[in-house]
1. Check every one of the helices (runs of 4 or more DSSP H) wholly within segment 363-462 and list those with 3 or more residues that are surrounded by 15 or more Cβ atoms within 10 Å (Cβ to Cβ) and under 28 Å from the mean Cα position of the chain (by Cα).
2. Among the residues of segment 469-487, is there at least one that is within 19 Å of the chain's Cα centre (by Cα) and at pLDDT 90 or above?
3. So, of the residues in segment 331-362 that are in contact (Cβ under 8 Å) with a residue 60 or more places away in the chain and of a type in the set (D, E, K, R), which turns out to be surrounded by the most Cβ atoms within 10 Å (Cβ to Cβ)?
4. Report yes if some residue within segment 538-549 is in contact with a His (Cβ under 9 Å, 6 or more places away or on another chain) and more than 20 Å from Arg56 (Cβ to Cβ); otherwise report no.
5. Name the pairs: first residue in segment 546-560 and of a type in the set (Asp, Glu), second residue open to solvent by 10 Å² or more (accessible area, probe 1.4 Å) and in a strand (DSSP E or B), Cβ to Cβ under 6 Å, at least 6 apart or on different chains?
6. Inspect segment 237-253 for any residue being open to solvent by less than 30 Å² (accessible area, probe 1.4 Å) and either farther than 30 Å from Ile496 by Cα or without any contact (Cβ under 8 Å) to a residue 24 or more places away in the chain (or both) and give the result as yes or no.
7. Go over the candidates Ile518, Ile535, Ile565 one by one and state the one that is of a type in the set (A, V, I, L, M, F, W, C) and closer than 18 Å to Gly340 by Cα.
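The values are calculated or read from the model by the stated rules, or taken from the named source; none is laboratory data. Since the structure is predicted, the reported quantities are computational estimates derived from the model, not experimental observations. No Cβ is skipped: glycine too gets one built from the backbone with ideal geometry, and neighbour counts run over all protein chains shown. With ligands, DNA and RNA removed, areas are computed over all heavy atoms of the protein, side chains included. Shrake-Rupley method; radii C 1.70, N 1.55, O 1.52, S 1.80 Å.
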Amino acid sequence: MKHFKLSALTVIIGASLTGCGFEFEQVPTPLPPVECYDTDIEDCQPLPPASSKLVRLATLPDNAQVAGLTVDSDGKLFLNVRNPRTNSSYEPNNAHVGYFADTNVSDLPLEILSLSYPQNAEVNQLRVSAELGDYVELARARSGIDGSINLGLVPKVKGAGNMSVNQNLTFNALLEDETGHTATLYTGLLANPAALNKFDLVRNDDNQWEAISLDPMNLGQDSDNAAEHSGIIGLSGGMISPWGTVIASEMFNNFNGLASGNQEWNKDGGSNTASNTQVNRLYQFNDNDQSRFPNPYRYGYITEVDGEGNMTKHYAMGRANHGELALMPDNRTVFYSAGGDNGVLLKFVADEAGDLSSGTVFGAKVTQSADTDPAEATFSVAWLPLYSASNDEVEAWISKWDDINMADFDQNEAAGHEDASSFLTLNDLADWQNGESIFRAHDQGGNYVTGSRDGRLDMDGVVQILELNHAQLNGDEEEGKEQAQPTAEWGQIHGISYNVNRLKSAQAGEGDIDTAHIYFSIGDFTGQMSQEGDITVDDTIGWCGGIYRMPIDVSEIDGEYQYDISVIEPVLMGGEDNAAAGNNLRCPQSLPAQVNNIEVLDNGDLLLGEGIAGRANGAQKNRSLWLFRPDAVEMDGK
């Protein structure tokens, strides 16, 4: 195997549109030559020319996002057309799941012609590079496989009927059998409440996948147990574990903040409805049963689901706006994030391999290099221990709020309390940040449950666990503030991904460990990342975003591998954000923008799927699927 070393951290490739045909021309930024090593120079083969380093492989119809990137054992790529504009002329104009039937994406030609950005009628089309071959639709929202079961369906947990069909198809998690002849495909829904749609697939005589059944997999159960009837929301990322379960992330984004939702969570909206529309949907999920009013602390977790739909929420990993995650080969270490505009990179180390129900959570404290250009600034990482917990310990706290409903809000409001909701207050958060150990009384601005009804309880670290997105401190440690302070400044973390085959090959001596990386994307540089703090970079890229990588540090102790991250490097940045151009027109069409989805291939190439990266409107009207070759740099004189 040949090994090559990347000679520059970041390459920005431009493009120009010329002539009536809008010919696409990629213009590489000049780079110094790379070096060959671990092999004789005479035997060293040049990497692909820079013209194939960044290639647009597909463009999606207006408003649709690229999602669900995953690859089967033959290299066939699955892709979801997520949330297209349903009134467009695109047919089908509903979200759907499909795959590219004829191509091994890890074996694409070195020279590929990049698609141009769509023009005129093309904006309502799914356009695909000839190198990818045909896109085969497996199922479509509102019609499913045979018209009898809808893709995107969310059945109610109590009462008749279903919630509305959802178009937000996010991840695909593929579990093939040992023969590769049959498989189960799980597709996540970014819905409230959500479901995990389960396909049974079989290969036909032409070695192509066919969907033979579709199960909506309602993840709530008609039960008096809140852990069972609460269901799940906002599935954003997911993967198949080595032991055959789906590990998925809840993105608790719309109403997860103390300031933006919990304080009126259980406010009565009249006619037996909750005033918050999102909360009311969870209420409807249980047939508007006040005894099953949703508990906000039941949502926002890394969640494990088996093939029968049995669900385990890993409360020990913290409640947050979670995105994608990377489970390392030791089956103990997980790299993940608390996302949003004040994102935190997290690491979880389980107490036992193959069991994520207890362990220790660490937050990344970063130190930036002297550069402020996002394409040059690197970060060293120190992992600060935040807490250790088990699912059972955290659930004992969560259950204290299971019986809170709209009647409690009415009662507390009538009594004139500052907080009527009964849930954690901004005062509770401030007290925890300032080192207090006891919840303040309800009549002094604390919450009803832990500051009055159950007495003034010991905080016991629960504030940080239940509000992991918010219970962080920035800047230097101040006197009296003893809690750990990871960096909570990353803007919209998405796409955390690595290739386990490359890492295992390197560990077996069949590859270079220096080529094994975890990648993630940033969707927005205009917030905390561009202000003074641990991270201070220029905001010219803005909503256009960028891609970072983290080299994987591997050590072997007592015969077992351990994994860590110590450096974060930029590898590809979007172009300059032209905010004045307005939504969907802000970013250059020649570069990826607001990447939500990253798939790392066996050969080290990346597939990048554009989305909206946490923004209500995207940076480009038509989103693209890109091929990016991080190590594809021309050899000098070769």
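1. Working: elements: 391-398, 406-414, 426-433.
Where helices (runs of 4 or more DSSP H) fall fully within segment 363-462 and carry at least 3 residues being surrounded by 15 or more Cβ atoms within 10 Å (Cβ to Cβ) and under 28 Å from the mean Cα position of the chain (by Cα), they are 391-398, 426-433.
2. Taking segment 469-487 and keeping what is within 19 Å of the chain's Cα centre (by Cα), we get 469-470, 487.
Now drop any that are not at pLDDT 90 or above, which leaves 487.
Within segment 469-487, one or more residues are within 19 Å of the chain's Cα centre (by Cα) and at pLDDT 90 or above.
3. In this case the residue turns out to be Lys347.
4. Here is the first cut: in segment 538-549, the ones in contact with a His (Cβ under 9 Å, 6 or more places away or on another chain) are 545, 549.
Among the residues that remain, those that are also more than 20 Å from Arg56 (Cβ to Cβ) are: 549.
The answer is yes, given that some residue of segment 538-549 is in contact with a His (Cβ under 9 Å, 6 or more places away or on another chain) and more than 20 Å from Arg56 (Cβ to Cβ).
5. Asp553/Asp564
6. Let us first name the residues in segment 237-253 that are open to solvent by less than 30 Å² (accessible area, probe 1.4 Å), namely 237-238, 241, 244-250, 252.
Retained after the next criterion (residues that are either farther than 30 Å from Ile496 by Cα or without any contact (Cβ under 8 Å) to a residue 24 or more places away in the chain (or both)): none.
Taking every residue of segment 237-253 in turn, none turns out to be open to solvent by less than 30 Å² (accessible area, probe 1.4 Å) and either farther than 30 Å from Ile496 by Cα or without any contact (Cβ under 8 Å) to a residue 24 or more places away in the chain (or both).
7. Values: Ile518 fails: closer than 18 Å to Gly340 by Cα; Ile565 fails: closer than 18 Å to Gly340 by Cα.
When all the criteria are applied, what remains is Ile535.
Residue-wise test of (1) under 20 Å from Val71 (Cα atoms); (2) of a type outside the set (A, V, I, L, M).
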{"position": "Leu190", "(1), (2)": "no, no"}
{"position": "Ala195", "(1), (2)": "no, no"}
{"position": "Asn204", "(1), (2)": "yes, yes"}
{"position": "Ala211", "(1), (2)": "yes, no"}
{"position": "Gln221", "(1), (2)": "no, yes"}
{"position": "Ala226", "(1), (2)": "no, no"}
{"position": "Ile232", "(1), (2)": "no, no"}
{"position": "Gly238", "(1), (2)": "yes, yes"}
